[in-house]
Structure formats: structure tokens, C-alpha cells
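In what follows, a single structure is set out as C-alpha cells and then discussed.
The values are calculated or read from the model by the stated rules, or taken from the named source; none is laboratory data. Computed from a predicted structure; not experimentally measured. Reconstructed Cβ throughout: ideal geometry from the backbone, glycine too, with neighbour counts over all protein chains shown. For accessibility, only protein heavy atoms count, side chains too; no ligands or nucleic acids. Shrake-Rupley method; radii C 1.70, N 1.55, O 1.52, S 1.80 Å.
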Amino acid sequence: MSNLSAGAEQARSQHQKLTRLKFIRRIFFMIVGSALFSVGLEIFLVPNNIIDGGVVGISIIVSHLTKIPLGVFLVILNLPFLLLGYKQIGKTFAISTLFSVVLMSVGTSLLHPVQAITIDPLLAAVFGGIILGIGVGLVIRSGGSLDGTEIVAIVFSKKSPFSVGEIVMFFNFFILASAGFVFGWDHAMYSLIAYYIAFKMIDITIEGLDQSKAVWIISDESDKIGDTITSRLGRGVTYLKGEGAFTGDDKKVIFSVITRLEEAKLKSILDELDPKAFLAIGNIHDVKGGRFKKKDIH
């Protein structure tokens, strides 16, 4: 089974185990994320002729040229990517994305008559980018997407060392550049600023709670602790040979990589098996290879 198929299968399994509370929580954050995205577009970016990237950016340009409401193109142009999401990632993801895109389309239609908060393009780019990024991040963390390029990015991120935000930024550099021919090159540069801020906020929102951490553990119960970490957390461990400087005794050092969400569980394991164990934890910028797998968005 390929990594992509395995990820889709795991997503389906997780979906089946969702409690009603978790399901409601996902729906809530999809609604909040879509609403924030709509606010960022219609209250900050669109009135100042600043575009977003991807399908949304194309929709803004086409809507500006044809005078057809933006919400129409947001749905129509995303449909092919929804099909890709259905085939490559799963039914749950496709339904979640369709739900989020429809909410975004309705939100932009409702907010279109609302007056922009600022006519300063720099302020619009900064605050619009922040709000957009948070909105997209919330939707992705909840199992959906708001833009076709994000679907492509989610697929590629599972097999590459690049984050979702970095892949989206690569695609959108060329799309955002087209804004120069429609709105002028100054607005194209403001669009690049807005999207750079947005993709940073996407990463913070998606990965902020799942930041990777390296752990080193020294204990007389190293074998038992290592087996428990593997069985309970599903994380691989590596045993390193060490020597106590004071006693000269041989020591077996456990090395592993976990997420921030698993830190509390790891500490509870140590409290259970060896309360006197030495534990050191450090932040890691990125992880690639080995048995550490990127968690599925779902």
C-alpha cells in the first residue's frame, strides 16, 4: 500500500472513530475557518485589488474581468480539485472541502456589500494575509481545504520534506504574478506580501500544536520504556550507547522523536515505569525519513 493510500485508509479509520463532540468540533472550526477566509478576502484584499493565490486568486481575477460574483467561480473552479481530493485522499476529505468551499462562497457573497476596513493596501495585505492564513489553517486541521492548490499541496507534502504552505507558495508565485497585468504591479507586490504572511500563518496554525520534539531518556528500565513508547505512542526508538562520567557505568540512552501533543503522554509513561529516569526534550525544526511519519491532516 502506498503512503497516500495508507494515509487515506487511516483518515477513514479515524473518521469512523470520531465521537459526536469531535465531529461537532470539526464542523465548528470549518465554519470559523471559512468565515475568517471570507472576511480576509472581502473586507481586506478584494476591495484593495489584492488577490490571494491558487484557485481563489484566479477566481478574483476572472470575477473582476467578467463582473460575475466571486462566489460562483470559487465553486466552479474548485470542482476538478475536489474530484482529485476524492480520488487521492478520500471521501471524507472531499466532502469536508466541498462543505468549506460552499461556506466560503456564501460568506464572500454576504460580505461583498460590506465596506472595507482600510483602503491602505499595505495594511490590507498584512491583516488580510493573517486572517486568511488562520482561516485556511483551521480548515485544513479540521480535515478540509479551501483551495485546489492546497489539495495538491497536501498530496505532495506527504512525500516531500516541504510543508503545505511552502508548496502552495511555489504554485502561487506564478499565479500572483498575473495580478500585475490586471491590477498593476504595485498591487501584485502587495499580493505577494499578503500571501507570504498567509502561508506562514497556515504553517503556524497547522503545525503549531504538532511541533516535533527530540527526546533523550536515560533509565535502568530503558528496554521496557522503549517498548512502551513504540506500543503506546507508535514512535520508533533508537538505543544509543553511553557511559556515566561519574560512575563509569554503561548506560543505554533512548532517543526518539515525538510531537508536542505526545509530550504529556511520554511523561506519564516515565512516571509509571521509572519516575527517576532522566529526560531531556528539545524542539526540532523538521523531520524526514526513518519511522517518523508526517501525521495526516485528517
Subset of segment 183-233 (residues that are of a type in the set (A, V, I, L, M) and either more than 30 Å from ILE51 (Cα to Cα) or open to solvent by 80 Å² or more (accessible area, probe 1.4 Å) (or both))
MET189, ILE204, LEU209, ALA214, VAL215, ILE217, ILE218, ILE225, ILE229, LEU233
Among the numbered criteria (1) aliphatic (A, V, I, L, M); (2) closer than 30 Å to GLY40 by Cα; (3) surrounded by 15 or more Cβ atoms within 10 Å (Cβ to Cβ), which single criterion is violated by ALA177?
(3)
Scanning segment 262-284 residue by residue, those at pLDDT below 85, more than 30 Å from ILE27 (Cα to Cα) and open to solvent by 50 Å² or more (accessible area, probe 1.4 Å) turn out to be ASN283
Any idea which of ALA94, ALA153 is open to solvent by less than 30 Å² (accessible area, probe 1.4 Å) and touching a Leu at 6+ places or on another chain (Cβ under 6 Å)?
ALA94
Hey, PRO121 hits all of (1) within 24 Å of ILE76 (Cβ to Cβ); (2) open to solvent by less than 60 Å² (accessible area, probe 1.4 Å) but one; which does it fall short on?
(1)
Among the helices (runs of 4 or more DSSP H) confined wholly to segment 63-111, which include 1 or more residues that are without any contact (Cβ under 8 Å) to a residue 60 or more places away in the chain, under 19 Å from GLU42 (Cα atoms) and among the hydrophobic types (A, V, I, L, M, F, W, C)?
70-76, 91-111
Going residue by residue through segment 163-171, is there one that turns out to be under 24 Å from ASN48 (Cα atoms) and either at pLDDT 80 or above or among the aliphatic types (A, V, I, L, M) (or both)?
yes
State whether the residues of segment 268-275 include one that is in contact (Cβ under 8 Å) with a residue 24 or more places away in the chain, assigned to a strand (DSSP E or B) and more than 27 Å from the chain's Cα centre (by Cα).
no
State whether one or more residues within segment 156-169 are surrounded by 18 or more Cβ atoms within 10 Å (Cβ to Cβ), over 21 Å from PHE93 (Cα atoms) and touching a helix residue (DSSP H, G or I) at 6+ places or on another chain (Cβ under 8 Å).
yes
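Which helices (runs of 4 or more DSSP H) sit wholly inside segment 121-181 and have at least 3 residues that are farther than 21 Å from GLY33 by Cβ?
It comes to 121-141, 164-177.
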Determine, yes or no, whether VAL126 is under 18 Å from PHE81 (Cβ atoms) and open to solvent by 10 Å² or more (accessible area, probe 1.4 Å).
no
Give the residue that is surrounded by the fewest Cβ atoms within 10 Å (Cβ to Cβ), with candidates limited to residues of segment 66-77 that are on the phi < 0 side of the Ramachandran plot and either out of contact with any helix residue (DSSP H, G or I) (no Cβ under 7 Å at 6 or more places or on another chain) or not aliphatic (A, V, I, L, M) (or both).
THR66
Filter segment 205-217 down to the residues that are at pLDDT 80 or above and in contact with a helix residue (DSSP H, G or I) (Cβ under 8 Å, 6 or more places away or on another chain), then identify the one that is farthest from LYS67 (Cα to Cα).
ILE217
